[in-house]
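The values are calculated or read from the model by the stated rules, or taken from the named source; none is laboratory data. Here the structure is a predicted model, which is why all the values come from computation and not from measurement. Neighbour counts run over all protein chains shown; Cβ positions are idealised from the backbone, glycine included. Keep in mind that these areas ignore ligands, DNA and RNA; they rest on the heavy atoms of the full protein, side chains included. Shrake-Rupley method; radii C 1.70, N 1.55, O 1.52, S 1.80 Å.
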Amino acid sequence: MCTDRAHERKVISTFITMSMTIIGITGTLGAGKGTVVDYLIENHGFKHFSVRSYLTSVIEERGMPVNRDSMVAVANELRENNSPSFLAEELYRTASEQGGDCIIESIRTIGEIDALEEKGRFFLLAVDADPRLRYDRITERKSATDNVSFEEFEENERREMESSDPNKQNLSACIARAKFKLTNNGSMDELFNQVEEVINGIHANS
């Protein structure tokens with residue numbers, strides 16, 4: 001009887017996770033990923049699971065400064081000690097326990113994409129914008145990880161754009177793998193119209 005119940009729970013869990021729509025968000029620094037996330041939450045009922053928030057909690061537990069250097073170092077360490085897909089897998093585990101359509105932000109390695117593609121209905125969305133515009137945006141939001149000069153901003157991005165190490169950030173490869181690509185150089189309405197096109201594309205794949 002216990003075996004039957006365990007099997008039933010496994011079947012139900014598999015059904016729930018396979019019916020979930022998972023949107024992965026990748027893109028360049030300050031491109032507007034958070035704005036896209038907020039729109040999807042408010043207008044389409046997605047739940048949000050953030051790599052940034054996960055890393056911040058780990059960094060704070062360790063008593064480290066919450067900045068981009070810490071983010072990169074801790075993320076790379078966790079992947080190296082576990083797997084290239086570790087962070088996305090951790091967020092997916094929490095998302096699947098809660099159920100419902102979800103967003104996993106920010107995807108930064110090919111391993112994370114590969115792992116999430118095996119979970120079911122996964123769609124990767126990339127957001128980009130002109131560098132100076134992106135820098136102006138991050139200085140406006142004034143988070144602890146964004147208090148940098150434009151030169152530091154450019155150096156941080158170069159560090160995260162490419163790597164031959166599967167445990168390290170490779171934004172350019174992730175962006176290339178995205179099914180949907182958004183350019184956020186205009187107004188909010190223009191960005192949101194692009195998001196709606198993404199949602200229509202996802203529905204077309206249902």
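A few notes on this one:
- Within the stretch 126-147, considering residues that are part of a loop (DSSP other than H, G, I, E, B) and not aliphatic (A, V, I, L, M), the one most open to solvent (accessible area, probe 1.4 Å): Lys142
- Residue that is nearest to Met20 (Cα to Cα), among those in the stretch 71-86 that are in contact (Cβ under 8 Å) with a residue 24 or more places away in the chain and open to solvent by less than 60 Å² (accessible area, probe 1.4 Å): Ser85
- Between Gly201, Gly186, the distinction of being open to solvent by less than 70 Å² (accessible area, probe 1.4 Å), without any contact (Cβ under 8 Å) to a residue 12 or more places away in the chain and not charged (D, E, K, R) belongs to Gly186 only.
- Cross-chain or 6+ apart pairs with Cβ under 7 Å, the stretch 87-103 first and farther than 19 Å from Leu124 by Cβ, then of a type in the set (A, V, I, L, M, F, W, C) and open to solvent by 60 Å² or more (accessible area, probe 1.4 Å): Gly99/Ile16
- Test: Ile41 is farther than 25 Å from Pro166 by Cα, among the hydrophobic types (A, V, I, L, M, F, W, C), outside any strand (DSSP E or B) and at pLDDT 95 or above: yes
- The residues in the stretch 50-70 that are more than 17 Å from Ile107 (Cα to Cα), open to solvent by 30 Å² or more (accessible area, probe 1.4 Å), in a helix (DSSP H, G or I) and modelled with pLDDT of 95 or more can be counted, and the count is 3.
- Selection status of Gly111, assigned to a helix (DSSP H, G or I), open to solvent by 10 Å² or more (accessible area, probe 1.4 Å), in contact (Cβ under 8 Å) with a residue 24 or more places away in the chain and over 25 Å from Thr183 (Cβ atoms): yes
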